[in-house]
Amino acid sequence: MLRLPLDLQLLNTCAALLLLLSFSMLAQRRVVNLVNLLAMQGGLLFVATLLLAWRTGEFHLFLSALLTLALKVVGLPFLLHRLIRRLGVYWDTEPLINPSATMLLGLLIVIFAFGLAQPISALASTATRSTIGVAIAVILLAFLTMITRRKAMSQVVGFLSMENGLFFGAMSATYGMPMVVELGVALDVLVAMLVLGVFFFQIREQFDSLDLHHLESLKEHE
Amino acid sequence: MTTLSAVTQTLEVIFAALVAPAFLGWVNQCRAWLQNRRPPSVLQPYWGLRKLFHKDAILADGASPLFRITPYVVFGTMIVAAAIIPSMGTRLPLSTAADGIALVGLLATARVFVSLAAMDIGTAFGSLGARREMMVGFLAEPALLMVLFVAAMISQTTSLPLIAESLSVGVHSLYPSLAFTGVAFTLVLLAENARIPVDNPATHLELTMIHEAMLLEYSARHLALMEWAAALKLFNYACIGFAMFVPWGATREALGPLGLVLAVPVLAVKLVIAGAGIALIETLSAKLRVFRAPEFLATAFLFAVLGLLVHLLLGT
């Protein structure tokens, strides 16, 4: 049996834990816990980036690790927690599909993602190419999380988790995006978060709830 | 078969039989602490067993021989299981008799007997408990097998001692897939041993109980054996978990008698930590409705399958 070096093993473990967290997010119904899981995902991403930076010696990966720590572990969860407190949304009731069906769907998505990643991994030359499948799975699972929720809050968490997946995918396929792009994306996410925060208040003012189903009808009075 | 392995085998079975009630007592004690109650003594299960052994057994009218032999069968299977599971050493003379899959079958035998005996008397509660037990069982079993298969794929053998041996070789080798199967195994352990999210071992509220409902007709020595077997089952599951996820410390042939001397305290430490962990999970989670139990076990199965997929993708 061929043994991988220890840092790659750690990276693979980080990838597996990321996937595990994505599944927990899929199953989680409480918005507060959802945000905590997102913060944990950010933490894992930070560890993974640091490991990769140490392995490849690329300076910009150190920077993006620090950026991850500041933004995804501390900044965004803090903002989200404050929003939750102000808006008083703690539960995402009535999921659109029942939980076990969602989980089974998640499993199918993982199989699909792993299959999809096979040819990409074969072409990539990075040491972390085997984790590309995990990154794709995280993206798609976050997408599923967004689809199956009604409340705007949990959809935003799903969106941020999808960004985590993209970041991880870029990291494992090409050792991260160029610094300019990474900074741009980070800023985008931050701004999106702030704008969405304002949106939440507007939505609630209009409909007295954060349920996005109210946005589906075009007229106010039927 | 050397003398040392024979000694290890004997010691392991005796240790399992004697310590299992204390392990259960320890879990109960931790639960009481976490719930701000005054804890019962760790030795409480022993006193309960002693009390029951001194009573006269009463059998229900129309109880068939099956009902009488079930406690002995169940206790026997648990003892055999304890002999197969490598809790102290990995080179056991009896362990070649059955691999991990046969072990799951052995545990299933015990379940079938308990359920049949519960239905034997024909009371409503017995049948109800038996049906629920079978529902939990048939969902938990594939999950447990999947967990075993992942460990078997990593170490290329289905024999539990060899799995423990190959997983404990390099402390520095990490298996990401075991993170998933670890979660799955914990869920299965809770469901199979009638712990809180699925069943409450402390309840006698008829509508929610599963395991207790099946024991309602038993008394005295039969009940004592059934309760002892339940404690042994929890102990066995904990040891299966140790063999797959924390296999370090179980003695190997090469280490000689010193290894065996070291293996006992290591096992004790693992049990103390595992017991506290079980108590913590039980305190933090709420009892699920019976109809939510399939969902709980489906999650376990799903995590085990994910472990398999991750092993295929990331495995070295």
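The values are calculated or read from the model by the stated rules, or taken from the named source; none is laboratory data. All values derive from a computational prediction rather than experimental measurement. Please note: Cβ atoms are built from the backbone with ideal geometry, for glycine as well, and neighbour counts cover all protein chains shown.
Within region A:137-149, the only residue that satisfies the criterion of being closer than 24 Å to A:Gln9 by Cβ and surrounded by fewer than 24 Cβ atoms within 10 Å (Cβ to Cβ) is A:Ile139. If you go through region A:120-150 and keep only what is modelled with pLDDT under 80, more than 22 Å from B:Leu309 (Cα to Cα) and touching a helix residue (DSSP H, G or I) at 6+ places or on another chain (Cβ under 7 Å), you end up with just A:Arg150. Restricting region A:114-135 to residues that are of a type in the set (A, V, I, L, M, F, W, C) and surrounded by fewer than 24 Cβ atoms within 10 Å (Cβ to Cβ), the residue that is farthest from the other protein chains (Cβ to nearest Cβ) is A:Leu123.
Conditions tested, residue by residue: (1) among the small types (Gly, Ala, Ser); (2) within 14 Å of another protein chain (Cβ to nearest Cβ); (3) crowded, with 17+ Cβ neighbours inside 10 Å.
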residue	(1), (2), (3)
B:Val269	no, no, no
B:Gly277	yes, no, no
B:Ser285	yes, yes, no
B:Phe291	no, yes, no
B:Phe296	no, yes, yes
B:Leu302	no, yes, yes
B:Leu306	no, yes, yes
B:Val310	no, yes, yes
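Within region B:179-199, the presence of a residue that is more than 14 Å from chain A (Cβ to nearest Cβ), surrounded by 22 or more Cβ atoms within 10 Å (Cβ to Cβ), within 25 Å of B:Gly275 (Cα to Cα) and over 16 Å from the mean Cα position of the chain (by Cα) is excluded. Count of region A:1-36 residues, restricted to those that are touching a residue at least 24 places away in the same chain (Cβ under 8 Å) and farther than 22 Å from B:Leu312 by Cα, is 10.
When you check B:Ala143 against the structure, is it surrounded by 20 or more Cβ atoms within 10 Å (Cβ to Cβ), within 14 Å of chain A (Cβ to nearest Cβ) and among the small types (Gly, Ala, Ser), yes or no? Yes, satisfied. Condition first: more than 19 Å from the chain's Cα centre (by Cα), surrounded by fewer than 18 Cβ atoms within 10 Å (Cβ to Cβ), within 14 Å of chain B (Cβ to nearest Cβ) and not small (Gly, Ala, Ser). Can you find one or more residues in region A:71-85 that meet it? For region A:71-85, residues more than 19 Å from the chain's Cα centre (by Cα), surrounded by fewer than 18 Cβ atoms within 10 Å (Cβ to Cβ), within 14 Å of chain B (Cβ to nearest Cβ) and not small (Gly, Ala, Ser): absent.
Look at (1) surrounded by fewer than 21 Cβ atoms within 10 Å (Cβ to Cβ); (2) at pLDDT 90 or above and you find that B:Phe125 fails only one, number (2). In region B:220-239, is there at least one residue being at positive phi, among the aliphatic types (A, V, I, L, M) and part of a helix (DSSP H, G or I)? Yes, region B:220-239 contains at least one residue that is at positive phi, among the aliphatic types (A, V, I, L, M) and part of a helix (DSSP H, G or I). Only residues that are aliphatic (A, V, I, L, M) and within 17 Å of A:Pro5 (Cα to Cα) were counted in region A:42-68, giving 6. Any residue at all in region A:177-184 that's away from chain B (no Cβ under 14 Å), in contact with a Phe, Trp or Tyr (Cβ under 9 Å, 6 or more places away or on another chain), buried (at least 17 other Cβ atoms within 10 Å of the Cβ) and among the acidic types (Asp, Glu)? Among the residues of region A:177-184, at least one is away from chain B (no Cβ under 14 Å), in contact with a Phe, Trp or Tyr (Cβ under 9 Å, 6 or more places away or on another chain), buried (at least 17 other Cβ atoms within 10 Å of the Cβ) and among the acidic types (Asp, Glu), which makes the answer yes.
Out of curiosity, is B:Val188 under 30 Å from A:Ala48 (Cα atoms) and touching a helix residue (DSSP H, G or I) at 6+ places or on another chain (Cβ under 6 Å)? No: the conditions fail for B:Val188. The condition of being part of a loop (DSSP other than H, G, I, E, B) and modelled with pLDDT under 85 holds for B:Gly249. Selection of region A:1-13 for residues being among the hydrophobic types (A, V, I, L, M, F, W, C) and either facing chain B (nearest Cβ under 7 Å) or surrounded by fewer than 22 Cβ atoms within 10 Å (Cβ to Cβ) (or both) yields A:Met1, A:Leu2, A:Leu4, A:Leu6, A:Leu8, A:Leu10. Output the number of residues of region A:14-44 satisfying the condition of being among the aliphatic types (A, V, I, L, M) and away from chain B (no Cβ under 12 Å). Residues flagged as among the aliphatic types (A, V, I, L, M) and away from chain B (no Cβ under 12 Å) within region A:14-44 amount to 9.
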